[in-house]
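Notes follow once the structure below has been shown.
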Amino acid sequence: MPSPFGRLVLIVNPRAGRGEVSREMPELERRLLAGRLEHRIVETEGPGHAGSLARDALEAGDRFIVAVGGDGTIHEVVNGMVSGDRLVRDDAVLGVVSAGSGGDFVRTFGMPNQVTSAVRHLLGDRTHPLDVGRLTYRDGEEERTRYFVNIAEAGFGGKVVGRAARLPRLLGRGRYFLGFWLSIGGYRAGEVRVRADAREFSGKATNVVVANCQFFGGGMRISPRSLPADGVLDVQVSTGPKSEAFTLLPKIYRGDHVPHPHIREMKGAVVTVDADRPLPIEADGEVLGTTPARFEVLPELLQLKL
């Protein structure tokens, strides 16, 4: 039957999943037609275009916006749906057809990272409230703001994502893993100051994770206790030596690396991170800028179609 949220606007990144999205689009559209889902398909033409398409669709009167691609496409679409800490349209609904190299955002919700299998999640009226993180950071001399729905990092994780982004896309999920090992040798810990509501940490650390959902890096369950609609962000400050990466990495995939004596855990609706030098920041797998940074929760701002 037709969607209760009206026509679907599918914002498609045809290059996602090493071209899988482009190859699967005919079958995806066939399944949409079989489900009698009225829809419109628009393809992105480059970085940032998904956000513009999402905003244009909402301003034109559409309500149901579907990101078709990887975590970066979802990130851009969300940033197009939100403006000034509010939705462009108050009753907007986010749908996801995930097919990127990581596919991490959808894992928290048990949704598939495959184009055609995801169509059934566009049917019916079931939704889940979704907190949105607001991130303020430095870009050179400018202060900028972005929104994120999955996980952000300051420090070593930001460097890894930046290094992985320069590796060939044909490596798929292996890009993050290789980026990790290419980055670890030259990275040094810094003096960081982290505050999460009333709790504080000050001292040597290599990385700060600020999580809304649970997975990143192509399937690592970095924040196993994160709930994406609890009104807080989960923070992990890594204080141990770099050599711990050899033993912690397999545990992170399983989500059993915490609690740990060298990982300081905190929660907060407002999180600030500063350091003795600018630390690289990534959010939803996108390299943004540097610290100092402020992370804030916009509680249950979005409805995610399940």
* Structure fact -> So the strands (runs of 3 or more DSSP E) completely within segment 8-114 holding 2 or more residues that are under 18 Å from the mean Cα position of the chain (by Cα) and farther than 22 Å from Ala164 by Cβ are 8-12, 64-69, 93-98
* **Sole residue being within 30 Å of Gly48 (Cβ to Cβ), in a loop (DSSP other than H, G, I, E, B), in the same structural domain as Gly172 (by TED's automatic domain parsing) and in contact (Cβ under 8 Å) with a residue 60 or more places away in the chain, chosen from Arg294, Arg277** => Arg277
* **Matching residues in segment 170-221 - criterion: being in a loop (DSSP other than H, G, I, E, B), touching a helix residue (DSSP H, G or I) at 6+ places or on another chain (Cβ under 6 Å) and surrounded by 18 or more Cβ atoms within 10 Å (Cβ to Cβ)** => Thr206, Cys213, Gln214, Phe215, Gly217, Gly218
* Can you tell me which of Arg146, Arg138, Arg163 is touching a helix residue (DSSP H, G or I) at 6+ places or on another chain (Cβ under 8 Å), outside any helix (DSSP H, G or I) and among the charged types (D, E, K, R)? -> Arg146
* To do: Quickly run through segment 23-46 and pick out the residues that are at pLDDT 95 or above and of a type in the set (Asp, Glu).
  => Glu38, Glu43
* Structure fact -> Expected output for segment 80-108 (first residue under 27 Å from Gly255 (Cα atoms), partner hydroxyl-bearing (Ser, Thr, Tyr), Cβ below 6 Å, 6+ apart or cross-chain) is Val106/Ser98
* Does segment 287-302 hold any residues that are buried (at least 19 other Cβ atoms within 10 Å of the Cβ) and more than 16 Å from Arg195 (Cβ to Cβ), and which are they? -> Leu288, Gly289, Leu301, Leu302
* Options Ser238, Ser243, Ser226; residue that is farther than 22 Å from Ile184 by Cα and assigned by TED's automatic domain parsing to the domain that holds Ala189 -> Ser226
* Quick one: how many residues across segment 255-277 are surrounded by fewer than 17 Cβ atoms within 10 Å (Cβ to Cβ) and within 24 Å of Ala165 (Cα to Cα)? -> 1
* Structure fact -> Subset of segment 115-141, residues closer than 21 Å to Gly69 by Cβ and charged (D, E, K, R), comes to Arg120
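The values are calculated or read from the model by the stated rules, or taken from the named source; none is laboratory data. Note that this is a predicted model, so its numbers are computed, not measured. Note: ideal-geometry Cβ built from the backbone for every residue, glycine included; neighbour counts use all protein chains shown.
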